[in-house]
Amino acid sequence: MDTLSHALWGMGLFGYRRYRWMAFLVGALPDLLAFGVLFLVRLADGSLSVGKPDLASIPAWTFAVYDVTHSWVVAGAVIVLVWRLNREVGFVLLAWPMHILLDVPFHSADFFPTKMFWPLTDFHIDGIPWSSPLIWFPNLAGLLILYGYRWRRGTKRRHPGGE
């Protein structure tokens, strides 16, 4: 799934009260750590190009960071630790495993398959790429429904008994 959608799902589902923007960031963070750093490196060295890159041109560290940041095992361990310190922040961090949940069926085995139980296993699902219209349009519709619901619910709280 695209990084912006991950961020919006994170904020829409786990961004309550004062942690809205933290949930937005956490929803995108797994991709930002893997691909954002690569983007900055390529921007700095002048090798940035547009479009889907050839897998052979992607450094091994990008795959390693992707595996770490897209693992329920790693996310779960971090969330348990944070939850013990601060439950509200722990709740916001649930945007991380939600990110992984969305990637599992929407990454093909050909391009960054999501090894959800890494480092225990390299098991992954050969999913439908998120760029497919079969996925992209329902994702957009789901986000519109989620934010419409959140907006309507917030309006009712601010104006009880009327619209």
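The values are calculated or read from the model by the stated rules, or taken from the named source; none is laboratory data. On a predicted model such as this, the values are computed, not experimentally measured, just so you know. Methodologically, a virtual Cβ is constructed for each residue, glycine included, from the backbone with ideal geometry; neighbour enumeration extends over all protein chains shown.
Checking Trp130 against (1) in contact (Cβ under 8 Å) with a residue 24 or more places away in the chain; (2) surrounded by fewer than 17 Cβ atoms within 10 Å (Cβ to Cβ): exactly one of these is not met. Which one? Evaluating Trp130 over (1) in contact (Cβ under 8 Å) with a residue 24 or more places away in the chain; (2) surrounded by fewer than 17 Cβ atoms within 10 Å (Cβ to Cβ) leaves (2) as the failure.
Among the residues of segment 33-87, those that are in a helix (DSSP H, G or I), small (Gly, Ala, Ser) and within 20 Å of Pro97 (Cβ to Cβ) comprise Ala34, Gly36, Ala64, Ala75, Gly76, Ala77. Listed conditions (1) within 26 Å of Ser132 (Cβ to Cβ); (2) modelled with pLDDT under 95; (3) under 19 Å from the mean Cα position of the chain (by Cα) are all met by Leu32, apart from (2). Among the residues making up segment 1-23, those that are crowded, with 18+ Cβ neighbours inside 10 Å, in contact (Cβ under 8 Å) with a residue 60 or more places away in the chain and either under 13 Å from the mean Cα position of the chain (by Cα) or part of a loop (DSSP other than H, G, I, E, B) (or both) are Met1, Ser5, His6, Leu8, Trp9, Gly10, Met11, Gly12, Phe14, Gly15, Met22, Ala23. Restricting segment 65-113 to residues that are within 16 Å of Leu29 (Cβ to Cβ) and among the small types (Gly, Ala, Ser) leaves a set whose member that is nearest to the chain's Cα centre (by Cα) is Ala95. With respect to the conditions (1) surrounded by 10 or more Cβ atoms within 10 Å (Cβ to Cβ); (2) modelled with pLDDT of 95 or more, Arg42 falls short on a single one, namely (2). For first residues located in segment 86-111 and in contact (Cβ under 8 Å) with a residue 40 or more places away in the chain and crowded, with 17+ Cβ neighbours inside 10 Å, partners that are among the acidic types (Asp, Glu) and part of a helix (DSSP H, G or I) and lie 6+ apart or on another chain with Cβ distances below 8 Å form the pairs His99/Asp31. When residues in segment 22-40 are screened for being among the aliphatic types (A, V, I, L, M) and in contact with a helix residue (DSSP H, G or I) (Cβ under 6 Å, 6 or more places away or on another chain), 7 of them pass. Quick check on segment 108-119. Is at least one of its residues at pLDDT below 95, farther than 24 Å from Met11 by Cβ and hydroxyl-bearing (Ser, Thr, Tyr)? The answer is yes; a qualifying residue exists. Here Val80, Val65, Val89, Val104 are screened, and the one residue that is touching a His at 6+ places or on another chain (Cβ under 8 Å) and not hydroxyl-bearing (Ser, Thr, Tyr) is Val104. Of the residues that make up segment 64-71, is at least one surrounded by fewer than 14 Cβ atoms within 10 Å (Cβ to Cβ), more than 24 Å from Leu140 (Cα to Cα) and either in contact with an Asp or Glu (Cβ under 8 Å, 6 or more places away or on another chain) or modelled with pLDDT of 95 or more (or both)? So far as segment 64-71 goes, yes, one or more of its residues are surrounded by fewer than 14 Cβ atoms within 10 Å (Cβ to Cβ), more than 24 Å from Leu140 (Cα to Cα) and either in contact with an Asp or Glu (Cβ under 8 Å, 6 or more places away or on another chain) or modelled with pLDDT of 95 or more (or both).
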